[in-house]
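**Q** Could you have a look at this structure, given as structure tokens, before my questions?
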Amino acid sequence: MIERPKPSGIDVLCSLQHFAIITYAVPAKRFEGIFPERFQLDTIEINGQELGLISVVPFIDVDFTSAVFPFPKFTMGQTNYRIYIIDKETGERCVWFLGTTLDSWTLAVPRYVWNLPWHSGRVSFDCERDKESGLYNKYRMNTISDWAPASVELVQGESDKLSFPGFPDVESALVYLTHPLAGFYYRSDNKLGTYRVWHKELAVKPAKLVSASFKLLSDLDIVKESEQHSPYSVLIEPINEFTIYLPPTVIK
């Protein structure tokens with residue numbers, strides 16, 4: 001959709017393994033007061049009800065390294081929590097980050113140097129894929145964290161279908177859910193921050209949720225504990241590649 005901007009400086013290249021997007025559709029009013037007035041919730045309508053979408057995105061960063069220079073490669077588990085929004089100043093569809101858990105000592109840079117809302121967590125994956133189909137026979141992720149403990153179990157089957165109520169077609173939904181390139185957030189000093197990524201079209205496939213527990217979502221009363229077993233959609237891609245443009249920007 002968009003050509004890759006040429007990396008420079010400290011931009012990062014990383015492959016994201018066991019990349020999943022678990023999305024919930026909940027009443028729009030639950031997002032009130034979370035982000036500043038520059039943004040509006042990007043909503044869909046189902047059965048006459050206006051709903052906002054929020055996704056939990058777990059994965060393992062593999063080959064995390066400089067996009068420009070020879071540099072050591074790192075591997076670390078990560079989980080992002082993001083709300084789908086529209087930047088009213090530009091009209092761009094983007095995401096609002098509630099925050100991230102990261103399983104790595106490198107957390108010190110984004111958290112303390114750039115003031116990103118990133119938090120420490122011990123992230124573990126237990127995954128198995130069918131050799132012929134490539135689908136996941138087992139997908140389990142567990143995060144031990146003071147900020148956002150989480151666990152999820154997914155499974156895939158040949159009969160799983162893509163279904164996105166509230167969208168005109170599958171392609172529109174996939175662009176919406178998988179292709180936001182700009183992220184915004186409140187820094188730890190309460191300033192507004194942003195950074196951008198780039199990736200080619202994601203080759204996601206549907207999956208089913210076996211179980212889930214995302215304490216952050218229930219603590220914020222965005223997705224109640226009883227609702228977390230009924231996601232709007234679940235998508236998985238075994239591995240993909242992202243370019244991350246750094247450093248993040250402070251918006252005055």
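**Q** Please identify, among 115, 137, 80, the residue showing maximal mean-square fluctuation in a Gaussian network model of the chain using a 10 angstrom Cα cutoff.
**A** It is 137.
**Q** With a 1.4 Å probe and every protein chain kept in, tell me what percent of the accessible surface of the chain is carbon plus sulfur.
**A** Answer for the chain: carbon and sulfur cover 50 percent of the accessible area.
**Q** Pull out a ≥ b ≥ c, the square roots of the eigenvalues of the alpha-carbon gyration tensor of region 143-212, then state rounded if a/c is under 1.5, prolate if not and a/b is larger than b/c, and oblate in the remaining case.
**A** Cα axes put region 143-212 in the oblate bin.
**Q** Here is a follow-up. So how far, in whole Å, is the C-alpha centre of region 105-132 from the one of region 190-252?
**A** After rounding, the separation between the Cα centres reads 13 Å.
**Q** Taking 8 Å as the Cα distance limit and 6 or more residues as the minimum spacing, I'd like the relative contact order of the chain as a percentage. Before the final figure, lay out the partial values.
**A** Working: 584 pairs, mean separation 59.0, N = 252.
With pairs under 8 Å counted, the relative contact order is 23 percent.
**Q** Helix-only mean residue ellipticity at 222 nm, the chain, DSSP H runs n ≥ 4 weighted -39,500 (n - 2.57), per residue, nearest 500. What is it? Don't skip to the answer; put the middle values down first.
**A** Working: 2 runs with 14 residues, N = 252.
Taking each H run of at least 4 residues, the total per residue is -1500 deg cm²/dmol.
**Q** What number, in percent, do you get for the relative contact order of region 90-148 if the mean sequence gap of Cα pairs under 8 Å and at least 6 apart is divided by its residue count?
**A** The normalised contact order for region 90-148 reaches 29 percent.
**Q** With a/c under 1.5 counting as rounded, go ahead and sort the chain into rounded, prolate or oblate using the C-alpha gyration tensor (a ≥ b ≥ c being the square roots of the eigenvalues; past the cut-off, prolate if a/b is larger than b/c, else oblate).
**A** Because its axes are fairly even, with a/c under 1.5, the chain counts as rounded.
**Q** Would you mind finding the longest exposed-site-free stretch of the chain, with exposed GluC sites (Glu not before Pro) meaning DSSP loop and at most 10 other Cβ atoms within 10 Å?
**A** The segment 159-252 is the longest one with no such site.
**Q** Taking loop as defined by DSSP and a crowding limit of 14 other beta carbons within 10 Å, which trypsin sites (Lys or Arg not before Pro) in region 101-190 fit?
**A** Numbers: sites: 111, 122, 129, 131, 138, 140, 161, 187; in loops: 131, 161, 187.
Qualifying residues, ordered by number: 131, 161.
**Q** Answer rounded, prolate or oblate for region 192-252, using the Cα gyration tensor with square roots of eigenvalues a ≥ b ≥ c: rounded when a/c is under 1.5, else prolate when a/b is larger than b/c, else oblate.
**A** oblate
**Q** Excluding residues fewer than 8 places away in the same chain, name every one of the aspartates and glutamates whose C-alpha is closer than 12 Å to that of residue 200.
**A** By straight Cα distance, residue 200 reaches 3, 241.
**Q** Per residue, how many Å² of accessible area does the chain show with a 1.4 Å probe?
**A** Here the residues of the chain average 50 Å² of exposed surface.
**Q** Loop only per DSSP, at most 16 neighbouring Cβ atoms within 10 Å: give me the trypsin sites (Lys or Arg not before Pro) in region 190-235, ordered by residue number. Spell out each step's value before the answer.
**A** Values: sites: 191, 196, 200, 208, 215, 224; in loops: 191, 200, 224.
The qualifying sites are 191, 200, 224.
**Q** Suppose every K and R has +1 on its Cβ and every D and E has -1 on its Cβ; what is the size of the dipole of region 68-163 about the Cα centre, in Debye to the nearest 20? Walk me through the numbers before you get to the answer.
**A** Values: 11 positive and 12 negative charges, 43 e Å.
Using Cβ point charges on Lys, Arg, Asp and Glu, region 68-163 gives about 200 debye.
The values are calculated or read from the model by the stated rules, or taken from the named source; none is laboratory data. Everything numeric here is computed off the predicted structure, so don't read it as measured data. Cβ coordinates were reconstructed from backbone atoms using ideal geometry, including for glycine residues, and neighbour counts include every protein chain displayed. Just the protein is used for accessible areas: all its heavy atoms, side chains included, with ligands, DNA and RNA removed. Shrake-Rupley method; radii C 1.70, N 1.55, O 1.52, S 1.80 Å.
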